[in-house]
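The next block holds one structure in the form of structure tokens; read it before the comments.
The values are calculated or read from the model by the stated rules, or taken from the named source; none is laboratory data. Remember, predicted model here, so these are calculated numbers, not experimental data. Every residue, glycine as well, gets a Cβ built from its backbone with ideal geometry; the counts of neighbours run over all protein chains shown.
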Amino acid sequence: MKKIIVATGNEGKMREIRMIMKDLDVELVSLKEAGLEVDIEETGTTFEENAVIKAKTIMEMTGAVVMADDSGLEVDYINKEPGVYSARYMGKDTPYSIKNQNIIDRLAAAKGEERSARFVCAIAVAFPDGRILTSRGTIEGVIAYEPKGTNGFGFDPIVYVPEYGMTTGEMDPDFKNSISHRGRAIAGMTEQLKALKTL
Ligand code: IMP
């Protein structure tokens, strides 16, 4: 069975990836399971660039097939901020209660569709022979007028998804995974990997 190293230290993401990719005939190995400890600087200007940087760097270190992701929140009214800086917005150690309120405050003058926003996830797979695959998933919403919901993490309480009448912070975790930016990006990558003759 072929092996893919998944460049994440996050157990929750690892579980989600394993679940969605269960039909693929590959062994998915986390960084920890591969005995790797790496901190890669995300210098890209797009989610895809950052995912490719991470996947390629670890592929070059290990000679293995490597999958990496990058995700974040784009808020249209403020020029798609925080974007690729989502994890670093207002400083890594600032609580999300403060970051979320800050985004709501910055949108004080925005009404209706002007509040549009989306979670974006890019997945990249880098192969030792130089091939690179990428896949993008999004979930569209609007920035809520106040935070709601205690599920999820990060910006979940302020992203209201009209289609489901709730914020992603109010969604049951399994349901959120089934419709999320990450879930969709992983599913897209699964299809691309299935279509390959050789991994
Ligand atoms: P990373 O891709 O794990 O580095 O995530 C980047 C950042 O984007 C996170 O730290 C969160 O601030 C934000 N983010 C990405 N996906 C989600 C989500 O599903 N809910 C809430 N925040 C998210």
Subset of the stretch 81-124, residues within 30 Å of residue 192 (Cα to Cα) and near the ligand (Cβ under 10 Å from one of its atoms), comes to 82, 83, 84, 85, 86, 87, 119, 120, 121, 122
Starting from the stretch 87-100, keep only residues that are within 15 Å of residue 143 (Cα to Cα) and modelled with pLDDT of 95 or more, then list their pairs with residues that are within 11 Å of the ligand (Cβ to nearest atom) and hydroxyl-bearing (Ser, Thr, Tyr) whose Cβ atoms are within a distance under 7 Å, requiring at least 6 positions of separation or different chains. 99/89
Can you say whether residue 66 is within 10 Å of the ligand (Cβ to nearest atom), of a type in the set (Val, Ile, Thr) and surrounded by 17 or more Cβ atoms within 10 Å (Cβ to Cβ), as far as the supplied structure shows? no
Failed condition for residue 17, given (1) crowded, with 19+ Cβ neighbours inside 10 Å; (2) within 12 Å of the ligand (Cβ to nearest atom): (2)
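Could you go through the stretch 39-46 and let me know if any residue there is surrounded by 14 or more Cβ atoms within 10 Å (Cβ to Cβ) and either away from the ligand (no atom under 16 Å from the Cβ) or closer than 18 Å to residue 155 by Cα (or both).
First, the residues of the stretch 39-46 that are surrounded by 14 or more Cβ atoms within 10 Å (Cβ to Cβ): 40, 42, 44, 46.
Imposing the further condition that a residue be either away from the ligand (no atom under 16 Å from the Cβ) or closer than 18 Å to residue 155 by Cα (or both) reduces the set to none.
Looking for residues that are surrounded by 14 or more Cβ atoms within 10 Å (Cβ to Cβ) and either away from the ligand (no atom under 16 Å from the Cβ) or closer than 18 Å to residue 155 by Cα (or both), one finds none in the stretch 39-46, hence no.
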Within the stretch 141-198, residues in contact (Cβ under 8 Å) with a residue 40 or more places away in the chain, closer than 22 Å to residue 112 by Cβ and within 11 Å of the ligand (Cβ to nearest atom) come out as 155, 157, 158, 159, 168
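In the list 122, 185, 117, 109, which residue meets the criterion of being outside any helix (DSSP H, G or I) and either of a type in the set (Phe, Trp, Tyr) or out of contact with any helix residue (DSSP H, G or I) (no Cβ under 7 Å at 6 or more places or on another chain) (or both)?
Numbers: 122 fails: either of a type in the set (Phe, Trp, Tyr) or out of contact with any helix residue (DSSP H, G or I) (no Cβ under 7 Å at 6 or more places or on another chain) (or both); 185 fails: outside any helix (DSSP H, G or I); 117 fails: either of a type in the set (Phe, Trp, Tyr) or out of contact with any helix residue (DSSP H, G or I) (no Cβ under 7 Å at 6 or more places or on another chain) (or both).
Within the list 122, 185, 117, 109, the selection yields 109.
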Which strands (runs of 3 or more DSSP E) does the stretch 1-97 wholly contain that include 2 or more residues that are over 19 Å from the mean Cα position of the chain (by Cα) and over 30 Å from residue 147 (Cα atoms)? 2-6, 26-30
